[in-house]
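Report on one structure; see the data block that follows.
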Amino acid sequence: ALSNKEKEKYMKAKELVPVDLENSLTELSELNSEVQEALQKRQENLIKLYSICQRYYQVSQTANNWLEDAQVLLQFAENGLDTENSEENLRNHTDFFNTE
């Protein structure tokens, strides 16, 4: 935007754009392109990191739930064998260890 305004100013005055100014404007344009590209890459990386963080949270929640369930099962084991509920406990253990 700035480079176009500067060029227009010289065009209206029917003067040649100084070489130094032309070089500076070209360099500014190139730098602007590089900055925009870097910003785009940074945004893509942030989106990717956000997705990874969400996945990490989900996995840690699943692991935490698994550990809580394992703790409950261990407490059952500490209380001794309950023959009346042995089949159900076996089913629960089988289901538990087949998940995750």
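The values are calculated or read from the model by the stated rules, or taken from the named source; none is laboratory data. What you see is a predicted model; the values in this text were computed from it and never measured. Virtual Cβ from ideal backbone geometry, glycine too; neighbours counted across all protein chains shown.
The residues of region 27-54 that are surrounded by 11 or more Cβ atoms within 10 Å (Cβ to Cβ) and either of a type in the set (G, A, S) or at pLDDT below 85 (or both) amount to a single one, S29.
Taking every residue in region 88-99 that is in a helix (DSSP H, G or I) and pairing it with any residue that is among the hydroxyl-bearing types (S, T, Y), at least 6 positions away or on another chain, yields no pair with a Cβ-Cβ distance below 6 Å.
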